[in-house]
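Some notes on the structure that comes next.
The values are calculated or read from the model by the stated rules, or taken from the named source; none is laboratory data. Nothing here was measured: the structure is a model prediction, and the numbers come from that model. Cβ coordinates were reconstructed from backbone atoms using ideal geometry, including for glycine residues, and neighbour counts include every protein chain displayed. Surface accessibility is based on the protein's heavy atoms, side chains included, excluding ligands, DNA and RNA. Shrake-Rupley method; radii C 1.70, N 1.55, O 1.52, S 1.80 Å.
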Amino acid sequence: MKIKKLLAAALSLSLVFGMAFSAAACGKTGNSSENPADKQTDTGTEGATDDANAGGDKATSLDFVKKMGNGINLGNTMEAYGARDKGTELAVKLYETSWGQPETTKEMIQGMKKAGFDTIRIPVAWTNAMNYEKGDYKIGDAYLDRVGQLIEWAIEADMYVIVNDHWDGGWWGMFGSATQETRDTAMKMYTEMWTQIADKYKDYDEHLIFESANEELGRSLNDNSNKLASDSGALTETECYETTNKINQTFVDIVRASGGNNAERYLLIAGFNTNIADTCNDKFVMPTDTAEGKLMVSVHYYDPWSYCGSDNQSDWGIKSEYEAMNRELAKLTKFTDKGIGVIIGEYGALPTSDGELKKNTMAYFTNFIDNCDKYNLCPVLWDRSDFYSKKDLKIADSELAAFFAEHTREKEAAKDEAEMLAEIDARMAKAIEDAPKEREAETIDPNEAEPIAWIMWNGGNMSYSVGDKYNPSDCSNGIEASDVKIDGAGTYTVGLDFTKTDGGKASSVTFSALAIAYGEDLYPGYTIDIKEILLNGEPYELTSKPYTASDDKHCTRVNLINEWVGDLPEDAHCIDGDLTDASPVIIDKTTFVNVETLQITFDYVAPAN
């Protein structure tokens, strides 16, 4: 989870997304290493098929993932980034607790194990103790020792441990700099960082797993929020994939060369944006490896973000939502069918901002974990004391506590696999059969509904009012929005200005939509007809035909880019009535970059009599 999700959530909620998405912006050649032809075995999405499917004696990372059971994140803790404001010389505790979490104790980790979690993921911001802005890549010993202590406590509790480099202040955007020197510095920094991490922990056994990154390998390589990457955004989509592949290969090469148990350690390779669809793209290539069958792939799942990560959607569980989850998680068979283990390093339907579980949280978790059991995925719950109470050392909600207690590695292993899979298939089928086709509409008082038009935005580490409820307070620092009140049919103009943000622009776009709050309530049947889009003051030509629809039966919207939509919704309509070429993606994200200003002029058209 990225800074937008983390900080907003820590102060009362908000790629990642991602996205994911991840949903705070997720921004992103070739192989490294010497000649690998004679000694390396391809464990990527090409070449692993024969051994994995042969059913022979060769172990695969898929077998290892089964032993990892279900997991939990130590969220907002060691990845709580504070070096930009606090410097790099403070006591480790001051960083560890800076995002609202208590200092971790051995008893807390033991309680996680007792609650039913066999794996713990420890996100880390290593640059809290690295003065890299001055060219010093040495990680402070106290920081390394503290992470080592957490690793030891987890292993003592018989847990597997995942350690990564998380968002970490956004330094990853240096890879997308327009300056080659800055890109080279980023790779040197990454190499120096992992050389130290791998050496420090090389003697731990297979319970320790290194993860190459978090959500940053992907479009966040174009993130310009870090002052050393103010000119970031130079990578095309293809170059983001190529750079992601190069970083992952570098990671594997560093760890394997570091000695000790690292020669055979299981390694977790961050997917592109940790987004399932993006990672299943053939442009994403798993690294080659000297150790056979020891690579796994990491993705995240927070779909739909309006339910999982914000208060915009309080309920989940209509047929299309079950089907969307099942369809998306099934894509991961691209890896599992080849013996490549998949870890969903973050997932969750986070509680509301007042700490309450959302409606149908149990249904969401049940269907999600059923999918994970069906496809042999290791799910790792995102938690910042959202579910597991670090004070009481248990999961606070009794129903959820019982659920996770029944899904331990030990209890899962004791089940007959064929019977378990049959039960899962039956339960998933019944869930869809029993699910309502549409969600019961929320009652809206027309006298209190204010129809405001605005641009939802997520991308380039920027966010503005994402979700069907108009929320201008959900705004990254410095964004100026030109929202407008709708008073019937007519022509309107809305806009976003990023020039006063830290980076002066949004480097990329992950999701965006033109929306009208309460449009369906006050102006049913109206159509949004986009007349002009100005990107940085210049006209932008749409790549596909837009359509008007509503996700929640209240907010009317036109998606500019929404890659999570499969088929067009049933209520989709457009000005000429022809939806043949209509799409939820009407802009090209590879050209919609370095956005300083965005302005949209549209006609709001009443239905014909």
* Take the residues in segment 189-205 that are open to solvent by less than 10 Å² (accessible area, probe 1.4 Å) and among the hydroxyl-bearing types (Ser, Thr, Tyr), then tell me which one is farthest from residue 267 (Cα to Cα). => 190
* Every residue from segment 260-280 that is in a loop (DSSP other than H, G, I, E, B) and either modelled with pLDDT under 95 or in contact with a Cys (Cβ under 8 Å, 6 or more places away or on another chain) (or both) -> 275
* Can you confirm whether segment 587-603 contains a residue that is outside any loop (DSSP other than H, G, I, E, B), out of contact with any strand residue (DSSP E or B) (no Cβ under 8 Å at 6 or more places or on another chain), open to solvent by 40 Å² or more (accessible area, probe 1.4 Å) and not hydroxyl-bearing (Ser, Thr, Tyr)? => no
* Structure fact -> Subset of segment 161-172, residues under 16 Å from residue 269 (Cα atoms), open to solvent by less than 10 Å² (accessible area, probe 1.4 Å) and touching a helix residue (DSSP H, G or I) at 6+ places or on another chain (Cβ under 7 Å), comes to 161, 163, 165
* Structure fact -> Checked against (1) modelled with pLDDT of 95 or more; (2) open to solvent by less than 10 Å² (accessible area, probe 1.4 Å), residue 27 satisfies every condition except (1)
* Take segment 279-300 and flag every residue that is within 15 Å of residue 263 (Cβ to Cβ), hydrophobic (A, V, I, L, M, F, W, C) and surrounded by fewer than 21 Cβ atoms within 10 Å (Cβ to Cβ). => 291
* To do: Look at residue 243 and say whether it is polar (S, T, N, Q), surrounded by fewer than 22 Cβ atoms within 10 Å (Cβ to Cβ) and over 16 Å from the mean Cα position of the chain (by Cα).
  => no
* Asked: Hey, which of the helices (runs of 4 or more DSSP H) in segment 298-386, taking only ones fully inside, have at least 2 residues that are at pLDDT below 95?
  -> 305-308, 319-330
* Any residue at all in segment 502-519 that is among the basic types (Lys, Arg) and over 28 Å from residue 231 (Cα atoms)? -> no
* Structure fact -> Taking segment 76-89 and the residues there that are open to solvent by less than 70 Å² (accessible area, probe 1.4 Å) and out of contact with any Pro (no Cβ under 7 Å at 6 or more places or on another chain), the one that is modelled with the lowest pLDDT would be 83
* **Count - residues of segment 390-412 that are under 25 Å from residue 315 (Cβ atoms) and not acidic (Asp, Glu)** => 9
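Here's the yes/no breakdown for (1) open to solvent by 10 Å² or more (accessible area, probe 1.4 Å); (2) at pLDDT 95 or above; (3) farther than 23 Å from residue 382 by Cβ:
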position: 124; (1), (2), (3): no, yes, no
position: 130; (1), (2), (3): no, yes, yes
position: 136; (1), (2), (3): yes, yes, yes
position: 141; (1), (2), (3): yes, yes, yes
position: 157; (1), (2), (3): yes, yes, no
position: 174; (1), (2), (3): no, yes, yes
position: 184; (1), (2), (3): yes, yes, yes
position: 187; (1), (2), (3): yes, yes, yes
* segment 383-415 - residue that is among the basic types (Lys, Arg) and either under 21 Å from residue 301 (Cβ atoms) or surrounded by 12 or more Cβ atoms within 10 Å (Cβ to Cβ) (or both) and, of those, farthest from the chain's Cα centre (by Cα) -> 415
* To do: Examine segment 397-418 for a residue that is aromatic (Phe, Trp, Tyr) and either within 30 Å of residue 554 (Cα to Cα) or touching a Cys at 6+ places or on another chain (Cβ under 7 Å) (or both), and state whether such a residue exists.
  => no
* Asked: Out of segment 458-483, which residues are of a type in the set (A, V, I, L, M, F, W, C), surrounded by fewer than 22 Cβ atoms within 10 Å (Cβ to Cβ) and over 20 Å from residue 170 (Cα atoms)?
  -> 481
* Please list, ordered by first then second residue, the pairs with beta carbon atoms under 6 Å, 6 or more apart or interchain, first in segment 171-182 and farther than 13 Å from residue 225 by Cβ and in a helix (DSSP H, G or I), second open to solvent by 10 Å² or more (accessible area, probe 1.4 Å) and of a type in the set (S, T, N, Q). => 175/243
* Structure fact -> Result of the Cβ filter at 7 Å on segment 86-112, keeping first residues that are more than 16 Å from residue 394 (Cβ to Cβ) and partners that are surrounded by fewer than 20 Cβ atoms within 10 Å (Cβ to Cβ) and among the basic types (Lys, Arg), at least 6 apart or interchain, is 94/86; 103/93
* To do: Confirm whether residue 367 is under 23 Å from residue 414 (Cα atoms) and either of a type outside the set (A, V, I, L, M, F, W, C) or surrounded by fewer than 17 Cβ atoms within 10 Å (Cβ to Cβ) (or both).
  => yes
* To do: Note down all Cβ pairs under 8 Å where the first residue falls in segment 187-208 and is small (Gly, Ala, Ser), the second is crowded, with 19+ Cβ neighbours inside 10 Å, and they're at least six residues apart or on different chains.
  => 198/210; 198/254; 198/255; 198/258; 198/262
* To do: Filter segment 474-523 for residues that are among the hydroxyl-bearing types (Ser, Thr, Tyr) and either within 22 Å of the chain's Cα centre (by Cα) or under 20 Å from residue 594 (Cβ atoms) (or both) and give the result.
  => 476, 482, 499, 501, 507, 508, 510, 512
